[in-house]
Amino acid sequence: MTDPALVARVRAEVAAGIDPAALLAVYAEPARRALLRERVRVAARVPVADAELDAMCAELFGFGPLQPLLDDPEVTDVLVNGPRDVFCERSGHLERVDVSFRGTEDVAELAHRIAGSVGRELTLERPFVDARMRDGSRANAVIAPIGGPSLSIRKFKRLSVPLRGPAPSWVANGLHDDAAALLEACVRERASILVSGATGSGKSTLLRSLAAAIPDNERLVVIEDTNELVLPHSHVVHLECVPARDGSGIGIADLVANALRMRPDRILVGEVRTPREASALLEALSTGHEGSLTTIHAGSAAGAIDRLSLLLARAAELGASAIARHVALGIDILVHVVRDREGQRSVREIGAMEDTGVVTLWRAGDATVRMPARLMQRLG
């Protein structure tokens, strides 16, 4: 445990000139982290062991005792139920870790720092916050009176997994090679694809895998909460949401509407969550912007269509029959991904929107793959 008096003195000399809301973002950059580390070493004015120096820097600028877990490439989630009740998911397995805070005050201080990093505040009236960090990681913080203080942090991994080939690949995790070839053909032929799954199932990872099949001569506009979809294409424009402050903000729906004026060949939307976002996406698809890729939370391929239809119904802009028609015309292919108890992510099923509704093209374990009628017509 670092010396509180030493930490307080170094904080006054080094951290005082940094915007508290920017601390986490500053510490996340390797170059600036190294610079801060040396400034702290000088400000300490006494010999400090490397381990203590790292702990001091993490307390001053980063996530405190959680920093080693967040720096561990095998850790995907960090969960703090209390000052001495910390868990992490490492390589797909949830485990208790030997990490602790000095007390609930330190957990609460980190919760407020997380909120401040995205321009928000934790208050008695709003005692919880869901924050997207600049590196794409997500953090949820809860304080009294509703509970806590507790933290749930999901790290963002810029993982690139090909559809086919040896591990790591989706085929190595159970996707039939013919099904992978079908998905590549669907992307090339500008089919609009909706990827569904639960939280942590690999939706964004599969979206990146699918995007790799887009021809390099096309212009891509990528719309996300935070820039996550690192693509190898030479012509990509990234648009990011701006968190709401004082009642204002720029969301997915605003960016989709703007993307239509940017001469996109493809529009990739990180995730559709709200009625307004669903309405904006269907508007883009109905105006001739084929080949879009996006994700949605759902429990199955058919459930993804139900979820999208429900969001559109909540938007209250279309009747039930119009919703069904727009969804059927706007979405071509459905891909559902899952994560098993061992933490392995795989494609569970692939479906297609046809005149009769959702038709299954392939399910995990199937030896054959059906060709979607719409794609057959395009290839005709």
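The values are calculated or read from the model by the stated rules, or taken from the named source; none is laboratory data. None of these values were measured; they are calculated from a predicted model. Cβ placement follows ideal geometry from the backbone for every residue including glycine, while neighbour counts extend to all protein chains displayed.
Between residues in the range 126-141 that are acidic (Asp, Glu) and residues that are at pLDDT below 85 and outside any strand (DSSP E or B), which pairs lie under 8 Å by C-beta distance while being six or more apart or on different chains?
135/28; 135/156; 135/226
Restricting to the range 351-372, name every residue that is more than 30 Å from residue 74 (Cβ to Cβ) and in contact with a strand residue (DSSP E or B) (Cβ under 6 Å, 6 or more places away or on another chain).
351, 352, 358, 359, 360, 361, 362, 363, 369, 370, 372, listed by residue number.
So that you can scan it fast, the table gives a plain yes or no per residue for (1) within 27 Å of the chain's Cα centre (by Cα); (2) surrounded by 14 or more Cβ atoms within 10 Å (Cβ to Cβ); (3) within 24 Å of residue 178 (Cβ to Cβ):
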position: 325; (1), (2), (3): no, no, no
position: 335; (1), (2), (3): yes, yes, yes
position: 338; (1), (2), (3): yes, yes, yes
position: 367; (1), (2), (3): no, no, yes
